[in-house]
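Please treat every number below as a calculation from the coordinates, not as lab data. On a predicted model such as this, the values are computed, not experimentally measured, just so you know. Please note: Cβ atoms are built from the backbone with ideal geometry, for glycine as well, and neighbour counts cover all protein chains shown.
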């Protein structure tokens with residue numbers, strides 16, 4: 001099961017570019033699906049309000065606010081490890 005990650009971005013955002021690089025590196029080790037959303041789009045404006053993102057980039061993992069501003073690769077990997085571990089502990093659906 002892939003992990004859904006939304007990245008809220010804005011124009012000329014240096015930290016957004018850094019976050020995209022981090023997400024690209026992390027994608028080599030985790031099954032993630034990254035959706036970039038501009039904060040200037042209707043959906044982006046809605047997500048900024050809903051998740052109280054103070055500035056870009058905003059990172060939302062599986063519908064929950066994870067971070068905004070500089071993205072820590074170490075913190076992201078810890079969170080993804082936690083999600084993977086939780087998914088492994090869930091009982092399988094019976095066939």
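Points to keep in mind about this one:
- Residues that are buried (at least 17 other Cβ atoms within 10 Å of the Cβ) and not in a loop (DSSP other than H, G, I, E, B) within region 67-78 comprise 67, 68, 76, listed in sequence order.
- The set of residues in region 53-66 that are part of a loop (DSSP other than H, G, I, E, B) and touching a strand residue (DSSP E or B) at 6+ places or on another chain (Cβ under 7 Å) comprises 53, 54, 55, 56, 57, 62.
- Taking the criterion of being assigned to a helix (DSSP H, G or I), touching a residue at least 12 places away in the same chain (Cβ under 8 Å) and over 20 Å from residue 63 (Cβ atoms), the only residue of region 23-52 that qualifies is 25.
- Under the condition of being surrounded by 11 or more Cβ atoms within 10 Å (Cβ to Cβ) and over 14 Å from the mean Cα position of the chain (by Cα), the residues counted in region 41-66 number 6.
- Picking from residues in region 9-36 that are within 11 Å of the chain's Cα centre (by Cα) and farther than 15 Å from residue 76 by Cβ, the one that is surrounded by the fewest Cβ atoms within 10 Å (Cβ to Cβ) is 35.
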